[in-house]
Amino acid sequence: NSFHEGEPDFYNRGPMHTAFGYGMYHCFRDFPMQNPTVHSVHDDTFLPMNDTLYGAMTAAEPFCSFVITYSAHLPYAQDELSIWARQKYPEYNVYGEELSGLYAKSRLTDEMFRLLLERLEADGKLQDTVFVCYTDHYLYGLQDQELLQQKSEEAGSAILEKTPAFIWWPGCEGIQIDKVCHTVDLAPTVMNLFGMEVPKNIMGSDILDDSYEGYAIFPYTTWIKDGTYVKFGEVQWNDHMTDEQIQQMNAFVQQYYYINDAILDADYYAD
């Protein structure tokens with residue numbers, strides 16, 4: 001099952017998610033609200049607090065649920081949810097209007113995780129649940145672009161597209177992966193952790209495989225790999241790759257674009 005605040009026709013999520021293989025796309029707006037407020041469906045805590053949604057997420061054994069959070073979505077100043085979140089969490093009102101709104105709205109998502117963990121534990125399901133969490137994009141909605149760049153550099157990267165991801169389950173031993181990787185690497189990584197057979201024709205590689213050097217590919221001939229960053233075909237910085245290696249990576253990126261488009265055009269994974 002998949003879950004989100006948005007209507008199923010927005011970004012065509014309803015048909016798209018069923019095409020991906022999910023049994024049903026659940027729009028929060030379609031469910032009766034318990035103790036409703038004007039913010040209910042925009043607040044991520046709506047998911048674990050709504051019995052019908054929570055039941056749809058956890059009823060099957062085993063269950064696989066894809067949740068797109070919403071609370072931390074732009075904008076971060078003067079919109080209704082930002083104002084309400086800042087009133088709910090006044091401790092964040094010390095960072096300026098926009099950043100305070102961002103922190104307060106993000107807290108709503110944190111609270112969703114807290115409530116979900118507590119409810120899963122109470123139901124005896126937490127111990128057998130694995131969380132795979134990633135950020136789908138950087139904060140492009142932040143109006144103060146200088147602040148955005150500053151915060152990105154403080155977090156260790158001048159590249160705005162660097163975003164966090166984690167895989168967690170109760171009792172797991174933590175390790176940190178610093179090499180470059182991208183979203184399509186998550187599927188083969190999780191499949192290997194579960195001991196599943198990974199298809200040879202899948203896009204992406206196992207992040208935990210030491211032989212995988214890691215890279216990320218962006219639109220418009222932009223890529224990063226092991227300290228080398230090429231943007232729009234131009235080298236921005238380069239630690240140690242030779243010109244030949246860069247050209248080989250450029251050719252690989254072009255092939256990657258071609259294969260990606262061919263998968264979509266031919267609906268390759270339909271069978």
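Data for the structure
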{"item": "Scattering profile of the chain at q = 0.11, 0.14 Å⁻¹ [log10 I(q)/I(0), Debye over alpha-carbon scatterers]", "result": "-0.79, -1.26"}
{"item": "Relative contact order of region 63-104, defined on C-alpha pairs under 8 angstrom at six or more residues apart (%)", "result": "37"}
{"item": "Largest to smallest principal axis extent of the C-alpha atoms in region 210-268, angstrom", "result": "39, 29, 17"}
{"item": "Average accessible surface area per residue within the chain, 1.4 Å rolling probe, Å²", "result": "62"}
{"item": "Angstrom value of the Kirkwood radius, inverse mean 1/r, which spans all Cα pairs in region 1-156", "result": "16.9"}
{"item": "Area accessible to solvent at Asp51, 1.4 Å probe radius, in Å²", "result": "80"}
{"item": "GNM flexibility winner over the chain from Thr242, Thr163, Thr221 (Cα, springs under 10 Å)", "result": "Thr242"}
{"item": "Protein accessible area in the chain, 1.4 Å probe - carbon and sulfur %", "result": "53"}
{"item": "Cα long-axis angle, helix 243-266 against the chain (0 to 90 degrees, to the nearest 10)", "result": "50"}
{"item": "Coarse-grained scattering of region 168-271 at q = 0.14, 0.16, 0.23 Å⁻¹, given as base-10 log I(q)/I(0) from a Debye sum over alpha-carbon atoms", "result": "-0.66, -0.83, -1.30"}
{"item": "Alpha carbon centroid spacing (whole Å) that separates region 69-100 from region 185-237", "result": "34"}
{"item": "Ile68 versus Ala266: modelled label distance in nm, points set 7 Å from Cα along the beta carbon direction", "result": "2.8"}
{"item": "Relative contact order [Cα under 8 Å, 6+ residues apart], region 129-243, whole percent", "result": "17"}
{"item": "The chain - percent relative contact order, Cα under 8 Å, separation 6 or more", "result": "10"}
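The values are calculated or read from the model by the stated rules, or taken from the named source; none is laboratory data. If you're wondering where the values come from, they're calculated on a predicted model, not measured in any experiment. Ideal geometry is used to build each Cβ from the backbone, glycine not excepted, and the neighbour counts take in all protein chains shown. To get the accessible areas, we keep the full protein, side chains included, count just its heavy atoms, and leave off ligands, DNA and RNA. Shrake-Rupley method; radii C 1.70, N 1.55, O 1.52, S 1.80 Å.
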